[in-house]
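All remarks here apply to the structure that follows.
The values are calculated or read from the model by the stated rules, or taken from the named source; none is laboratory data. This is a predicted model, so every value here is computed, not measured. Here the Cβ positions follow ideal geometry from the backbone for every residue, glycine too, while neighbour counts run over all protein chains shown. Heads up: the accessible areas ignore ligands, DNA and RNA and are worked out on the full protein's heavy atoms, side chains in. Shrake-Rupley method; radii C 1.70, N 1.55, O 1.52, S 1.80 Å.
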Protein chains: 2
Amino acid sequence: MLDYAALSALAAVVREGSFERAAAALHVTPSAVSQRVRLLEERVGCALVVRGLPCRPTDTGQRLCRHVDQVRLLEQDLQGALPALAPGGGVRVTLPVAVNADSLATWFAPAVAGFAADAPVLLDLAVDDQDHTADWLRRGTVLAAVTGTARPAAGCNSRPLGAMRYIAAASPGFVARYFPAGVGAASLAQAPSLVFNSKDALQARWVQRLCHRPVDLPGHRVPSPQAFVAAGLAGMGWGLHPLALVDHHLRDGTLVALVPDTPLDVPLYWQQARATGQVLDGLTRAVVAAAAAALRPA
Amino acid sequence: MLDYAALSALAAVVREGSFERAAAALHVTPSAVSQRVRLLEERVGCALVVRGLPCRPTDTGQRLCRHVDQVRLLEQDLQGALPALAPGGGVRVTLPVAVNADSLATWFAPAVAGFAADAPVLLDLAVDDQDHTADWLRRGTVLAAVTGTARPAAGCNSRPLGAMRYIAAASPGFVARYFPAGVGAASLAQAPSLVFNSKDALQARWVQRLCHRPVDLPGHRVPSPQAFVAAGLAGMGWGLHPLALVDHHLRDGTLVALVPDTPLDVPLYWQQARATGQVLDGLTRAVVAAAAAALRPA
């Protein structure tokens, strides 16, 4: 068997970001943590942690951390069946999950919160663009992800969740100022757009579909779903808003669709590492049920 | 004078994340972008961009990008005075600003959105913990920041904005389950907390003040202000919530304060690079006015 004290030390350094904080979390000295990680690196034959502020895992280190998470989840199942095995003090397993920001801000948070309130785990949620959360699975940083990618990452199952509907919208004043003669490639090249961050391709994708060619879009970057809506309401730019966040603004006229009946539906998938036990299966059921209620059939 | 075509190419590579996208944005070929950046690196005598996915600036590269932003803002002032100088097509300057997530999700977004709707700039907002946004200024990644640090970064002015009030709160069911005999070090060591991410020290700071010693807090990581509130409402954990986001939940009883009358006030500051012209001064006025209305006197 592998040296699980050493693996726990590695996982703690990666989770906490420093040897000192890992030592505090494990109730050992920093030099003990340092020695365990060094012995593990000698055994594996390569560096596992890039020492820095914060400490980051190498690819191999990341893969080992994911193994630790998987073993811990399997231990959790065992403790459910054999309570005598459970450590005193209710130590909780960490379950790392990646999710896109718009899902987290809408249907995902209440679903997993309800699950996590009763499950013996600590959720470690990471946010990235839906076109990039699959990379987190591939790198082994998370055990499950909401992603825009249907094809399962190695060692993972994938299932469709439904589609998130986006509406290209802006304030009525913004539309009057920038699109007095309608929405086209020329006006879109002048009107400031909103983009979530440099990974956000939704605006470009919608424009490509509308104009049948790419258009250079001037863009404000607003990396917060609610601030994105606030920016739209204040007339700062047009952007693709999740219908779930702007439905009432569209109904009361504080936001208007740029072009009627041109929603963008983004299909989402739930990918989870295989063989990780009942806790992750429970999370999967909660996520799939919430998605079925909140998303559109793909 | 420096070679501003080369500097613009560098800034575009950093902003867009790749030589190809930078080339598209500048309407030149990728090899032209590559050559300009290489010549600049030869002149400066060190690497300016770490080639990767995405491309990232080195420290020197970052400093040069900030210089480009500053020059562009000064050009913007000039064009205001001499409209004949303005390039055709309304090219907009990018203004990079760092802000903490809770400010962006509450008072900051409407304030800067109103400003940006009329200013000839594109805002590039970056989100980080209030204890870390000052690093963005120091590294030269942004020209202004909402930060928890009063001491101005080199080349920056600092002014107090007021304090953001946080309340340690949880759902009534969570309090009944984990704190039946009150809140203390022993119960806090068992009750799952909510933390925004690994940089979020608010929960630990509040506990230190309450218990006069640090306590190891089991924590879920929920990196979204609204999902953080949703997690609290669902009974997933206790956490420090911005009063502005949970005021109505505290009033209708769906969240309750863990300990009455123990708010945590986090003073915030606005730091901006000096000598960057009227546009940034306009943003400063908008931010200071919004903070005066939304935050508590420090």
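Side notes on the structure shown:
- Summed over the stretch B:105-117, residues that are at the interface with chain A (Cβ under 7 Å from one of its Cβ atoms) and closer than 12 Å to B:Ala290 by Cα total 4.
- Residue in the stretch A:264-275 that is within 10 Å of chain B (Cβ to nearest Cβ) and open to solvent by 20 Å² or more (accessible area, probe 1.4 Å) present: no
- Condition check for A:Leu255: within 8 Å of chain B (Cβ to nearest Cβ), out of contact with any Asp or Glu (no Cβ under 9 Å at 6 or more places or on another chain) and within 25 Å of A:Arg296 (Cβ to Cβ): no
Listed here are the residues, each with its yes/no results for (1) surrounded by 21 or more Cβ atoms within 10 Å (Cβ to Cβ); (2) closer than 17 Å to A:Ala113 by Cβ; (3) within 12 Å of chain A (Cβ to nearest Cβ).
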| residue | (1), (2), (3) |
| --- | --- |
| B:Tyr178 | no, yes, yes |
| B:Leu217 | no, no, yes |
| B:Val222 | yes, yes, yes |
| B:Trp238 | yes, yes, yes |
| B:Leu250 | no, no, no |
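- Verdict on B:Gly184 being more than 9 Å from every other protein chain (Cβ to nearest Cβ) and in contact with a Cys (Cβ under 8 Å, 6 or more places away or on another chain): yes
- Any strands (runs of 3 or more DSSP E) falling wholly within the stretch A:210-298 and containing at least 2 residues that are within 19 Å of the chain's Cα centre (by Cα) and of a type outside the set (A, V, I, L, M, F, W, C): A:239-242, A:264-273
- Taking the conditions (1) surrounded by fewer than 23 Cβ atoms within 10 Å (Cβ to Cβ); (2) of a type outside the set (Asp, Glu); (3) more than 16 Å from the chain's Cα centre (by Cα) in turn, B:Ile167 satisfies each one other than (1).
- Count of residues meeting criterion [basic (Lys, Arg) and in contact with a strand residue (DSSP E or B) (Cβ under 9 Å, 6 or more places away or on another chain)] in the stretch B:282-296: 1
- Any hit, the stretch A:185-198, residues being crowded, with 23+ Cβ neighbours inside 10 Å, closer than 20 Å to A:Tyr269 by Cα and within 17 Å of the chain's Cα centre (by Cα): no
- Helices (runs of 4 or more DSSP H) wholly inside the stretch B:8-89 that include at least 3 residues being away from every other protein chain (no Cβ under 14 Å) and modelled with pLDDT under 85: B:59-81
- Within the stretch A:135-148, residues that are in contact (Cβ under 8 Å) with a residue 60 or more places away in the chain have Cβ atoms under 6 Å from residues that are among the charged types (D, E, K, R) and assigned to a loop (DSSP other than H, G, I, E, B) in these pairs: A:Gly148/A:Asp131, counting only partners at least 6 apart in sequence or on another chain.
- Within the stretch B:152-179, the set of residues being at pLDDT 95 or above and in a loop (DSSP other than H, G, I, E, B) comprises B:Ser171, B:Phe179.
- Residue tally, condition open to solvent by 20 Å² or more (accessible area, probe 1.4 Å) and part of a strand (DSSP E or B), over the stretch A:97-125: 1
- Residue, farthest from the other protein chains (Cβ to nearest Cβ), within the stretch B:200-209, restricted to residues that are within 25 Å of the chain's Cα centre (by Cα) and in contact (Cβ under 8 Å) with a residue 24 or more places away in the chain: B:Trp206
- Per this entry, A:Thr94 is counted among residues that are facing another protein chain (nearest Cβ under 9 Å), β-branched (Val, Ile, Thr) and surrounded by fewer than 24 Cβ atoms within 10 Å (Cβ to Cβ).
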